[in-house]
Amino acid sequence: MDAAAAVHKRKRPDEPTPATADVDLSAADAVEVLDLRAAKRLLLAFERRLRDNLEARMKYPDDPARFADSEIALHAEADRLRLLAGAPELFPDLVPIGLASSLASLLTHDNADLAAAAASLLADLTDSDDPSDLAAVQALADALVDANALDLLVHNLSRFSEADPDEAEAVHNTLAVLENLLDLRPNLADKVCDGTKLLRWLLSRLKTREFDANKQYASEILAILLQNSPANQKRLGQINGVDGLLQAVAMYKSRDPKTSDEEEMLENLFDCLCCVLMPLENKERFVKAEGVELMIIIMKQKKLAYSSAIRTLDFAMTRFPPACERFVDVLGLKTAFAAFMDLIPANKKSKKESYQEELEERIISIIASLFVSHVGYVYLSLGGITKGSRRMRLLGKFVENECEKIDRLMEFYTRYSDRVKEETERLDSLDLEDLEMDDDERYNRKLEAGLYTLQLIALILGHIWHSGNSQMRARVELLLRQNKLTKQDVKDILEEYHDNIGDLDGPEEKERAQARTKEIIAVL
């Protein structure tokens, strides 16, 4: 490969390159004077070499020696096209004369080396960090999509053999092109997964035991595809993706990643798992695949994935009683309340205050989910996840050891209450009209400051009181008095929660949710 292949985007070396001589440019100022005329000559030379090679292959299909020279020449011309990465403003003028279609054609070349060269070239051309180049690079991206490049790129992922280092690099470059296209046109996430087998390839790649750079990249691409796409979340579930992700993270249930890159991949896998748990049907698959049991095992091992397992359980149990039931049945209460009582394993991450707070909020959310099936839907003593023996086991946790868990709950209550009061006072001191902040925005600011967690704590307290247990009620009243609080303070939080219950699940569900919340408030 000649010197042009090593040229990085937007930064060109000053030394001469073969490409500059062929397009009649001086070596010293190649980048500065690359104009449309010179760029067209580069593209036309490439297309001529591509055409000559295809003709030679058709004429001598059984005699590789007769078309070997033309492939060497074609490879050299493809390398020279890298100069275009330094002039993306020319893309809109080059697309109509075949830039995208010719490169897409090279992706289908029978010679895997040339298909790999096309992926490497496209990775350079579609990578842009300069906002002023965005529209031009988007024009190329759109043309590539029209030229069926998405299908070709995904097909090549299976075509390349990663046992060969060069083809493993080609896989990496292909993933880079896909990432660049998704960055340029986020709406392609649904299109590429609907029309290709990309999700299947990524899932298969992540299930391999050995860690390498391509496995890490595959986890990153999958996380991007799932992040804001309910359709892709459902698609992955339909191809047994929940079980596949559980298999991938299970490799770390009793060991930690060996490198920072492997650690990043593990975080990506859990991000994928949390995203895929958004649709209800995937929560069902998670429970059937014994995902609840796996997360509890990971928590017990207290390895690096500890916090990620808690986060995954939070996603799985929110708005899904069967996961809560399974959690209680497989003895998850002991593990959850150990974390709740601040028995969180120490590691280099847990030294960060934000890490500790996130874990606390996740654990509070998990415990609230055992009482609350979803936001606004409160299970009472006569039914739901907390009825019968499961309910007694859950409430029993708040009685044991002289109600120490109620002490801990009130500690959280006062901390988050103070935080919300501080934010409320700050908002009151601002001129909200100048800030153009309406009531909804004000409420959202309070939620971000800790009101959401405070509401969950208030709901848990409400259920504890609703149980009618005299020992727990006496403890709650004592702690409220000690903190100069009353039950009315808890009721006020629940009233605000009641008034802001949304209708995401429909107006009828909103009415039922508000009625049940009112019943909790009335009991207090």
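Taking only DSSP H segments of four or more residues, each worth -39500 (n - 2.57), what value at 222 nm results for the chain once the sum is divided by all its residues, to the nearest 500 deg cm²/dmol?
Using -39500 (n - 2.57) per qualifying helix, the result is -22000 deg cm²/dmol.
Just read off the accessible area of Cys193 with the full protein assembly in place, 1.4 Å probe, to the nearest 10 Å².
Only protein atoms counted, so the area is about 10 Å².
By how many nm would the segment from Met341 to Glu441 lengthen if fully extended, with 0.36 nm per residue of separation less the alpha-carbon distance?
Numbers: separation 100, 0.36 × 100 = 36.00 nm, distance 3.35 nm.
Extra length available between Met341 and Glu441 comes to 32.6 nm.
Using a Förster distance of 56 Å, how high is the FRET efficiency between Leu44 and Asn228, based on the Cβ-Cβ distance and rounded to 0.05? Don't skip to the end; give the middle numbers.
Numbers: r = 40 Å, r/R0 = 0.72.
My answer for the efficiency is 0.90.
Need the full-extension length gain, Glu402 to Gln488, defined as separation in residues times 0.36 nm minus the C-alpha distance. One decimal, nm.
28.5 nm
Taking Kirkwood radius over Cα pairs in Å as the quantity of interest, determine which of (1) 26.8; (2) 28.6; (3) 27.9 was computed from the displayed structure.
Here Kirkwood radius over Cα pairs in Å agrees with entry (1).
In whole percent, what relative contact order does the range 388-454 give with Cα contacts below 8 Å and a gap of six or more residues?
36 percent.
When ranked by the protection proxy of mean other Cβ atoms within 10 Å per residue, highest first, what sequence do the peptides 500-511, 296-307 form?
Packing proxy ranking, top to bottom: 296-307, 500-511.
If you wrap a convex hull around the C-alpha atoms of the range 404-522 and split its volume per residue, what is the figure in Å³? Don't jump to the answer; show the numbers that get you there.
On the way: hull volume 13.1 nm³, N = 119.
Hull volume normalised by residue count: 110 Å³.
Run the simple label-point estimate for Asn240 and Arg185 please: 7 Å along Cα→C-beta, distance reported in nm.
According to this spin-label approximation, the distance is 3.3 nm.
Express the relative contact order of the chain as a whole percentage, based on alpha carbon pairs under 8 Å and six or more residues apart in sequence. Please report the intermediate quantities before stating the final value.
Values: 613 pairs, mean separation 40.9, N = 524.
With pairs under 8 Å counted, the relative contact order is 8 percent.
Sorted by accessible area with a 1.4 angstrom probe, largest first, how do Phe315, Phe337 fall?
Of Phe315, Phe337, the descending order of accessible area is Phe315, Phe337.
So the label point goes 7 Å from the Cα of Asp110 along Cα→C-beta, right? Which residues of the range 61-79 then have their backbone N under 15 Å from it?
Those under the cut-off are 61-72.
With each label point set 7 Å from Cα along the Cα-Cβ vector, what nm distance links Lys207 and Asp62?
4.1 nm
Find the Cα radius of gyration of the range 232-321, compare it with 2.2 N^0.38 Å by division, and give the number to two decimals.
For the range 232-321, the normalised Cα radius of gyration is 1.00.
Given labels modelled 7 Å from the Cα in the Cβ direction, how far is it in nm from Leu430 to Glu511?
Taking the simple label geometry, Leu430 and Glu511 are separated by 3.7 nm.
The values are calculated or read from the model by the stated rules, or taken from the named source; none is laboratory data. Note that the structure is predicted; figures quoted are calculated from it, not measured. Note that each Cβ is placed from the backbone with ideal geometry, even for glycine, and that neighbours are counted across all protein chains shown. Ligands, DNA and RNA are excluded from the accessible area calculation, which covers all protein heavy atoms including side chains. Shrake-Rupley method; radii C 1.70, N 1.55, O 1.52, S 1.80 Å.
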